[in-house]
Amino acid sequence: MTEVIFESDVPVSKEFGDVYFSKEGGMEETVYVFWEGNDIPKKLKASGKSSFSIGELGFGTGLNYFVSLELWRKEKKPPSLFFYTLEKHPLEERTLKTMQTHFPELITWETSILQSYLNYMARKPIPQDPWEWIVPHPSGTSTFTLKLYLGDVSEVLKIWDVSIDSWYLDGFAPSKNPQMWSEEILSAVAEKSKQGSSFSTFTAAGFVRRSLQNLGFSVEKRKGFGKKREMLVGRFTRTN
Ligand SMILES: C[S@@+](CC[C@H](N)C(=O)[O-])C[C@H]1O[C@@H](n2cnc3c(N)ncnc32)[C@H](O)[C@@H]1O
C-alpha cells in the first residue's frame, strides 16, 4: 500500500510527487478530459453495440471509475460497460475513505465496495486474477464491470486479453513517471486497441504525442482542463 500527502485536500503521491486528480476539480476533470475527451456519450449511443470497453492506465483513487459509473448510470439503456484498469501502488483504506468527504455528491467508497477491495488486497500471495465489481444499470438491461489488475503496467498489459474502445491515459505526468508513457507501453496500448478506438489524456507532452502518432493514432491537441493549456485526444487509425 502506498502513502500520500494531502495538498488542498487532494492526495499527492510521495513517490511520484504528483497529484491523483486536479486541485481545480477532480470530478470535472474526469468528465472533461476522459469521458467527453473520448466522446463516450456518443459512442455509447452508437447503434449495434452490446458492450463497450474502457482501458485505464492508473486506477489510483478510483475517481475516474466512479465518475464514469455515475455517468453511465444516467444514460438511457446503455450497453454493458467493461472498465479495465491496473495499479502497481494501491492506496490505503484511510486515503480511499477521504473520497466520500471530498466528493459528497458522488457515490464512491461505500462500505460494500471498500470491503471487497480490502479483502482482495489482503490476499496472499498477490492475486494474479483481477478484482471485479459489477453494478447493474437502473434499467436492468446492462451492467458495469470493473476489473482491476494489480501489478506493473508493463506486466499487466501483456495479460489483458481485450480490445479496448476508449483509453484513459492517466499515469501521472510523463516528466514524473516516464515509464508509464514509454514506447513499450504505448505500443501495447495500440496493440489492444480496436480500429477507430479513442484515447484521451491530460498531458500534451511532445514525446507522448509523437509516440502515439508513430504507432498509428491520429492525435489532436485540445484546450486542457483548468489552468492546463493543452491536452491530447485521438483515434487509432492504423490500417496494417
Ligand atoms: C494520476 S494517478 C491515477 C488517478 C486515477 N485514475 C484516479 O481516478 O484517481 C496515476 C496512477 O498510476 C499508478 N502507476 C504509476 N506507475 C505505475 C506503473 N508502472 N504500473 C502501474 N501503475 C502505475 C500510480 O500508482 C497512480 O495510482
At R0 = 35 Å the Cβ-Cβ FRET efficiency linking residue 218 and residue 15, nearest 0.05, sits at 0.55
With the chain treated as a Gaussian network of Cα nodes joined by springs under 10 Å, which of 200, 175, 142 yields the largest mean-square fluctuation?
-> 175
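Which of the peptides 178-190, 112-124 is most tightly packed, and how do the rest follow, going by the mean number of other Cβ atoms within 10 Å of each residue? If you can, show how the numbers build up before the last one.
Values: 178-190: 17.8, 112-124: 13.2.
Descending packing order for the listed peptides: 178-190, 112-124.
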For residue 83, distant residues with modelled amide H under 5 Å away = 54, 145, 146, 147
Pull up the DSSP beta bridges for the chain and report the antiparallel fraction as a percent, rounded to 5.
-> 50
Please say if segment 150-240 is rounded, prolate or oblate, where rounded means a/c under 1.5 for a ≥ b ≥ c the square roots of the C-alpha gyration tensor eigenvalues, and otherwise the choice is prolate for a/b larger than b/c and oblate otherwise?
-> oblate
Going down the list 76/147; 23/158; 43/221; 97/147; 23/77, which pairs span over 29 Å between their C-alpha atoms?
-> 23/158; 23/77
So what's the back-of-envelope 222 nm ellipticity for the chain, counting only DSSP H runs of four-plus at -39500 (n - 2.57) apiece and dividing by all residues, rounded to 500?
-> -8000 deg cm²/dmol
Residue by residue, what Karplus-based ³J(HN,Hα) values in Hz, rounded to whole numbers, does segment 119-130 have, using 6.51, -1.76 and 1.60 with θ = phi - 60° and x for Gly and Pro?
-> 4, 5, 5, 7, 5, 10, x, 3, x, 8, 7, x
If you wrap a convex hull around the Cα atoms of segment 103-146, how much volume per residue is inside, in Å³?
-> 89
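Based on the alpha-carbon gyration tensor of the chain, what equivalent-ellipsoid semi-axes (square roots of 5 times the eigenvalues) come out, in whole Å, largest first? Can you show the working numbers first?
Numbers: eigenvalues 119, 96, 70 Å².
After diagonalising the Cα gyration tensor, the semi-axes are 24, 22, 19 Å.
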Residue with peak Gaussian network fluctuation, the chain [Cα springs, cutoff 10 Å], from 30, 141, 201 = 141
Quick one: ranking 14, 147 by accessible area, 1.4 Å probe, largest first, what do you get?
-> 14, 147
Spin-label point model (7 Å from Cα, Cβ direction): what's the residue 135 to residue 2 distance in nm?
-> 2.3
Determine the equivalent ellipsoid of segment 1-136 by diagonalising the alpha-carbon gyration tensor, then write out the semi-axes as square roots of 5 times the eigenvalues, largest first, rounded to whole Å.
-> 25, 19, 14
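The values are calculated or read from the model by the stated rules, or taken from the named source; none is laboratory data. Since we're looking at a predicted model, the values are computed, not measured. Using ideal geometry, Cβ is built from the backbone for each residue, glycine included, and neighbour counts are taken over all protein chains shown. Ligands, DNA and RNA are excluded from the accessible area calculation, which covers all protein heavy atoms including side chains. Shrake-Rupley method; radii C 1.70, N 1.55, O 1.52, S 1.80 Å.
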